[in-house]
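Please read the structure below before turning to the comments.
The values are calculated or read from the model by the stated rules, or taken from the named source; none is laboratory data. Only a predicted model underlies this, so the values are computations on that prediction, with no experimental measurement involved. Virtual Cβ from ideal backbone geometry, glycine too; neighbours counted across all protein chains shown. SASA here: full protein model, heavy atoms, side chains in, ligands and nucleic acids out. Shrake-Rupley method; radii C 1.70, N 1.55, O 1.52, S 1.80 Å.
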Amino acid sequence: MKVITTTSALEDVISTLVKSDFVTVDTEFMRESTYWPQLCLIQLASPDIAVVVDPLSNDIDLTSLFELMKNENVVKVFHAARQDVEIIYKLGKVIPVPLFDTQVAGSVCGFGESVSYEQIVERITGEHIDKSSRYTDWSRRPLNDKQLSYALADVTHLRDVYKYLKKQLEKNGRTHWIDDEMSVLTSPKTYIMPNDEAWKRIKGRIRKPRELAVLQQIAAWREQEAKNRNVPRGRVLKDECLIEIATQQPKNEMALARLRSIPKGWERSSSASELLNAVQVGLSVDTNNLPPIHKHVALANGTAAAIELLRVLLKLVADEENIAPRIIANNDDLEKIAKQENLVALPAMEGWRYDIFGKKAQKMLDGHLGFYFQNGKILTKEI
């Protein structure tokens, strides 16, 4: 098995790969104890060759790899691309283009919502992938042949998966159906989390504008602290702790120490002092400039029923078209359609989605499309 450990060897391989129409790509990384993912292995394959690249080697420079990633003449094929692309963007400041995600493509070719790599390989090629090396510590060296074979299988089988899905999309005229998903994956904004937006990741209930102002400041502080120390956010402070701080708004060490979620003695640390400063900033922010706090509002009479009927219609259309429902519309889309609000630029009411679902949804809400049950199936009928 060929493992690339030097810059010259990588450049030689890349010079061959750039002659191919497509290259399949996968990475192995570790992230359990760090903020930034640690890239440990890169797997590449064209129709003719397959290699493993060791980015931890002291004698390797990945510049030629990043040049391949931005070469628009070669399609880069991933399965569930987001984390792999995030790593490439972080290290090389490039987004792989053109990009093809077989998980996304599979969702419009009848393979379900979020089909795993093992499942799609087995269904398309009949090959069974040995998962026993899945939990390998990829940062340890040397890696044995079994581990390397497992890693390489992530790109060798992907060649057949890509060719099959590409052919299916072209045959059914659905290549453009996945454009929206691919544009998200190739947008740098997908992989950048500004500190001042870190609060959006936090799960917890905030009821008042002042609480939101404090949460924004302390979440931004935690994000930067995690980056500086290269540790997961939860190693700095957990989400539930930030929610408690935002609601209780401690102004000194004593008040901070009284919070249930604060580790004992943490209030005396330098981090605690910085956190309290962030709380003070949040307390001084003009709340008139904050985004609105979304509160649960009871749906008007009939709207909840309309949403349920739209869900039935979405399921029927998805089954008929052999496509994952979420590619057509999500729950927020259905609520907006039921309320007949904000339909301008709503993906479910435009383009191919409108042709297969939106048009029927509008007819149903206007009373011109009904459901009936026959021979064990729910069917639709124009009225």
If you plug each phi of the stretch 91-98 into the Karplus form 6.51 cos²θ - 1.76 cosθ + 1.60 with θ = phi - 60°, what whole-Hz ³J(HN,Hα) values come out, in order, with x for Gly and Pro? 7, x, 6, 10, 9, x, 9, x
Based on alpha-carbon centroids, what's the gap between the stretch 30-62 and the stretch 179-214 in Å, whole number please? 28
Output the Kirkwood hydrodynamic radius of the stretch 3-190, Cα pairs only, in Å rounded to one decimal. 16.9
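Between residue 72 and residue 281, 0.36 nm times their residue separation minus their Cα-Cα distance comes to what? Don't skip to the end; give the middle numbers.
Working: separation 209, 0.36 × 209 = 75.24 nm, distance 4.61 nm.
That pair, residue 72 and residue 281, stretches by 70.6 nm at full extension.
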With a 1.4 Å probe and all protein chains left in place, how much accessible area per residue does the chain have, in Å²? 54
Please report, as a whole percent, how much of the solvent-accessible surface of the stretch 195-289 comes from carbon and sulfur atoms (probe radius 1.4 Å). 43
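So if I average 1/r over every pair of distinct C-alpha atoms in the chain and take the inverse, what Kirkwood radius in Å does that give?
24.4
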Longer than 23 Å from Cα to Cα, which of 167/363; 2/93; 203/227; 315/336; 339/360 are they? Say none if no pair is. 167/363; 2/93
For the stretch 169-230, Rg(Cα) over 2.2 N^0.38 Å is 1.71
Place a point 7 Å from the Cα of residue 362 in the direction of its beta carbon; the residues of the stretch 307-347 whose amide N falls under 15 Å from it are 337-347
HN-Hα couplings for the stretch 80-89 via Karplus (6.51, -1.76, 1.60; θ = phi - 60°), in whole Hz with x for Gly/Pro, come out as 6, 6, 3, 5, 5, 5, 4, 5, 4, 5
With θ set to phi - 60° and the Karplus curve 6.51 cos²θ - 1.76 cosθ + 1.60, what are the ³J(HN,Hα) couplings of the stretch 314-323 in order, to the nearest whole Hz, using x for Gly and Pro? 4, 5, 5, 5, 4, 5, 5, 8, 6, 9
If I build a Gaussian network model for the chain, linking alpha-carbon pairs within less than 10 angstrom, which residue out of 166, 295, 339 has the largest mean-square fluctuation? 295
Over the stretch 303-382, what is the relative contact order in percent, taking alpha-carbon pairs closer than 8 angstrom and at least six residues apart? 24
Computed FRET value (nearest 0.05) for residue 344 with residue 179, which takes r as the C-beta separation and R₀ as 22 Å: 0.70
By per-residue mean of other Cβ atoms within 10 Å, what is the highest-first order of 42-51, 265-274? 42-51, 265-274
Could you tell me the largest-minus-smallest coordinate of the C-alpha atoms of the stretch 1-112 on each of the three principal axes, in descending order and whole angstroms? 44, 38, 27
Any chance you could look up the accessible area of residue 281 with a 1.4 Å probe, heavy atoms only, rounded to 10 Å²? 70
Using just the alpha carbons, could you tell me how many Å³ per residue the convex hull of the stretch 303-382 encloses? 87
For the residue 145, residue 30 Cβ pair and Förster radius 25 Å, calculated FRET efficiency rounded to 0.05 is 0.75
Springs between alpha-carbon pairs under 10 angstrom, Gaussian network model over the chain: which of 245, 95, 87 fluctuates most? 245
For residue 66, what accessible surface area do you get with a 1.4 Å probe? Give it in Å², rounded to 10. 30
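Can you list the trypsin sites (Lys or Arg not before Pro) in the stretch 64-160 that are in a DSSP coil and have 11 or fewer other beta carbons within 10 angstrom?
Filter output for the stretch 64-160: 93, 131, 134, 140.
What translational diffusion coefficient, to the nearest whole µm²/s, does the stretch 165-294 have by Stokes-Einstein, given a Kirkwood radius computed over alpha-carbon pairs, a temperature of 20 °C and 1.002 mPa s viscosity? Could you put the intermediate results ahead of the total?
Details: Rh = 16.7 Å.
Estimated diffusion coefficient is 128 µm²/s.
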Amide H neighbours of residue 29 at under 5 Å, excluding residues fewer than 5 places away on the same chain, with H built from the backbone geometry, are 40
Can you give the Rg/Rh ratio of the stretch 65-145, where Rg is from the C-alpha atoms and Rh is the Kirkwood radius? 1.02
Name the residues whose placed amide hydrogens come within less than 5 Å of the amide hydrogen of residue 75, ignoring near sequence neighbours (fewer than 5 apart) on the same chain. 22, 23
Run the helix sum for the chain: -39,500 (n - 2.57) per DSSP H stretch of 4+ residues, divided by residue count, reported at 222 nm to the nearest 500 deg cm²/dmol. -13500 deg cm²/dmol
